Ligand code: SAH
C-alpha cells in the first residue's frame, strides 16, 4: 500500500473503514490504558475517526497522524471545529483545542516532536499495513513510545486466503510477536463481526471475521 493508494481512496470517497460512531471497544477498554487527564495519546493513521474527539473529550491531548489532507479537513468540518495550522519539519500540524493532527507520513515522525506518550490507540492502522510493512510499522510505533506507554490495539483475525487486504488479518499471536520484546500482550476480548461485514463477503470472505482488542504494557526492566 503506497501512500498514493490511500490519498486516492480519500479523493474518491472510498472510505468504508470510517465508522460514524465512537468505537465501542475503545469506550470499554480505555480505562485499561490507565491514562490521566492531560496526558498525550497517539492515534496513528487516524483518518477522520470520531475516536479522536472522544479521547479529547476525556481530557487527553490527542495526536493523530494522517497522510490525507482531505481526511483531516473533513474531520474538522464534520466536527464543526475551527483549526489552526503550523508547519513542523515535514509535517503540517492541524490543531483545535486538545486535538492535534499531524499531516504527513507516519514513518517520518520522530519522538522529539511531541510530548512523552502515555498511550497509543491503534484502530485500523496496523491492519492497514501489508505484511511486508508490518514489522517496520510496529518498530516505528515502538520508537515513538516512552518507557511507560501502553497500547490499545484493535485488530482482525480472519482467513487471509479468503480475501485480500486491507484490512489485513493480524491475529493476536502476531501482534504479540511484533511487539516483543518490550511489551507484554493481553487479549482483552474477541468479537465475531462476520455478520457486520457484508461488503467483505463480496470480496470472498466466508467463514470467520473476528475483531480482537489487545492491550500492550511495557515490560519493566528487571522483571
Ligand atoms: N484509523 C482510522 C483510519 C483507518 S484507514 C479509522 O479507524 O477510521 C488507514 C488510514 O491511514 C487512512 O486514512 C490512510 O490515509 C492513512 N495512512 C496510510 N498510510 C499512512 C502513512 N504512512 N502515514 C500517515 N497516514 C497513513
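We did not get these values from a lab; they are worked out from the coordinates using the rules stated. What you see is a predicted model; the values in this text were computed from it and never measured. Reconstructed Cβ throughout: ideal geometry from the backbone, glycine too, with neighbour counts over all protein chains shown.
Once the cut-off is 21 Å, how many percent of the Cα-Cα pairs in the chain end up in the long-distance tail? Value for the chain: 54 percent of Cα pairs lie more than 21 Å apart. Among DSSP beta bridges whose residues both lie in the stretch 99-221, state the antiparallel percentage, nearest 5. Just about 75 percent of them are antiparallel.
Computed from the Cβ-Cβ distance with R0 of 35 Å, the FRET efficiency linking residue 193 to residue 219 stands at 0.70. Applying 0.36 nm per residue to the separation of residue 79 and residue 18 and subtracting their alpha-carbon distance, the gain on full extension is 20.5 nm. Taking 0.36 nm per residue of separation and subtracting the Cα-Cα distance, full extension of the segment from residue 37 to residue 186 would add 51.2 nm. Full extension of the segment from residue 2 to residue 88, taken as 0.36 nm per residue of separation minus the current Cα-Cα distance, would add 28.7 nm. The simple Förster model, with R0 at 25 Å and r as the Cβ-Cβ distance, assigns residue 173 and residue 202 a FRET efficiency of 0.30.
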